[in-house]
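Just below is one structure, and these are the notes that go with it.
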Amino acid sequence: MASISMRSLVKKYGDLTVIPELDLEIPDHEFVVLVGPSGCGKSTLLRVLAGLEAVNGGELLIGDQLVNDVPAARRDIAMVFQDYALYPHMTVRQNMAFSLEMRGMTKEEIAGRVTRAATLLHIQDFLDRRPKALSGGQRQRVAMGRAIVRNPKVFLFDEPLSNLDAKLRAQVRAEIKALSQQLRTTMVFVTHDQVEAMTMADRIVVMKSGVIQQVGTPEEVYETPTNLFVAGFIGSPAMNFLPVTLRGDWAALADGRTLPLSLLGTGAANRPEGDATLILGVRPEHFTVAPDDPDALAVTVDLVEPLGSDTLVHFRLAETDAIARVSPDLRPKPGDTLPLIPVRGKTLLFDQDSGRAIR
Ligand SMILES: Nc1ncnc2c1ncn2[C@@H]1O[C@H](COP(=O)(O)OP(=O)(O)OP(=O)(O)O)[C@@H](O)[C@H]1O
Ligand SMILES: [Mg+2]
């Protein structure tokens, strides 16, 4: 168990700077989820933490120890990859025992650790099978088991669930979360999956081009994103962005229709002077169907996606494609007119040029 400190950490591949200068403190026991678009440097950062890639600047500390020059094998970190990387010619038991044998641990100690990890992961019955005789989810659990037996200070996971089908994903996701609470080991978990990020993380780190955009609890990054990038990246379907001009007590959309400023929360009051164009952010679930509200905006439904639990309605508003999440009981059809209004105080405002949220 250990904290991780990254201080002005730099990672380059030749001339390509993948991580320009990154600062992040991960306290002991924390479950951190790293998210960001493809190529933003998530795997690179994990590989740097694990010691599989050299640091090109700054400091990396595990616990109190500066580890910039400590080789991977002596960092006491376990990494679980997307493709499991199990040894095909070994049984599950041998896969899990291998690193402990290399360390010269006694047979009894190894057997004890393998049994404990296998029980934790519900793979006791497969210990004598080879990986090819296991399902994807079972292989994934063996890969985790191989990491757990080492009793590492830190676990790193690089999209470990992306090869699993939706049901198994949900199951293994819950298992990893439970495991993290039992083992209380510091964990850094990379994922593309919104639900994984929101449900598993103590804190979410949102990255873009090797630069951290925001670090916060799932609620913080969802409810108070610091900029347009985070607002658009977290949440599915994504937040709707509508250009607005604020004048007097009204916010005018690009098509000239208006919403009362009082709907838009504190950002409207704290905006810069003048009639600057701002971006209004409204999450799909923060549109309500309000036939009796004189301020509601009539929109024409383009497309309807019934999801069972709720229904996504696609429409155009002020020259922008937008989505509202509405009750499945409404059953709107393409071509219908729907009176929509943002939920009071739930919208966000952003500066168009800098992208920063205005609160
Ligand atoms: N060994 C390498 N040599 C040179 N460039 C590399 C190397 N590994 C990664 N890169 C580059 O570094 C950048 C970050 O890659 P990385 O694999 O960390 O992205 P990622 O955030 O994990 O993306 P994904 O979500 O697609 O897995 C990319 O531009 C990639 O092409
Ligand atoms: Mg990656």
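The values are calculated or read from the model by the stated rules, or taken from the named source; none is laboratory data. Worth saying up front: this structure is predicted, and the values here are computed from it rather than measured. Here the Cβ positions follow ideal geometry from the backbone for every residue, glycine too, while neighbour counts run over all protein chains shown. These accessible areas exclude ligands, DNA and RNA; they are computed on the full protein's heavy atoms, side chains included. Shrake-Rupley method; radii C 1.70, N 1.55, O 1.52, S 1.80 Å.
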*asked:* Between the range 25-68 and the range 302-359, how far is it from one alpha carbon centroid to the other, in angstrom?
replied: 37
*Roll a 1.4 Å probe over the protein chains and send me the accessible area per residue for the chain in Å².*
47
_the range 4-233, dipole about Cα centre (Lys/Arg Cβ +1, Asp/Glu Cβ -1), debye to the nearest 20_ = 940
*Relative packing of 35-42, 101-108, 229-236, which averages over residues the other C-beta atoms within 10 Å, highest first*: 229-236, 35-42, 101-108
*Full-extension gain in nm, N151 to A298, via 0.36 nm per residue minus C-alpha separation*: 47.0 nm
*Put one equal scatterer on each alpha carbon of the chain, apply the Debye formula with no solvent term, and list log10 I(q)/I(0) at q = 0.09, 0.12 1/Å to two decimals.*
-0.63, -0.94
*Give me the number: length gained by fully extending S354 to R7, i.e. 0.36 nm times residue separation minus the C-alpha to C-alpha distance, one decimal in nm.*
122.4 nm
_Using helices alone, I'd like the mean residue ellipticity at 222 nm for the chain: each DSSP H run of four-plus residues gives -39500 (n - 2.57), total over residue count, nearest 500._
-7000 deg cm²/dmol
*the range 1-19 and the range 134-175: distance between their alpha carbon centers, rounded to Å*: 25
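So, R0 is 35 Å and r is the distance between the beta-carbons of A276 and D23; what FRET efficiency does that work out to, to 0.05? The partial results should precede the final answer.
Details: r = 31 Å, r/R0 = 0.89.
Step by step, r from the Cβ atoms, then E = 0.65.
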_T217 versus L61: modelled label distance in nm, points set 7 Å from Cα along the beta carbon direction_ = 2.6
*Go ahead and run the numbers for FRET between R129 and T245, Cβ-Cβ distance against an R0 of 56 Å, rounding to 0.05.*
0.30
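Give me the percent of accessible area attributable to carbon and sulfur for the range 4-233, probe 1.4 angstrom. The partial results should precede the final answer.
Values: 5140 of 10320 Å².
Result for the range 4-233: 50 percent of the exposed heavy-atom area is carbon or sulfur.
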*FRET E, pair R257, K167, Förster distance 41 Å, beta-carbon r, rounded to 0.05*: 0.40
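Pairs of lysine in the chain with Cα under 15 Å and at least 8 positions apart or on different chains: total?
On the way: K11/K42; K11/K208; K12/K42; K42/K208.
The result is 4.
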*Of L228, M96, G41, whose Cα points farthest to the positive end of the dipole of the chain (charges on the beta-carbon: +1 Lys, Arg; -1 Asp, Glu; origin at the Cα centre)?*
M96
_Label-reachable residues, the range 329-359, where backbone N falls under 16 Å from a point 7 Å from L307's Cα toward its Cβ_ = 329-332
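When the accessible area of the range 255-355 is computed with all protein chains present and a 1.4 Å probe, what percentage of it is carbon and sulfur? Intermediate values should be presented prior to the final figure.
Numbers: 2490 of 5110 Å².
Ligands and nucleic acids excluded, carbon and sulfur give 49 percent.
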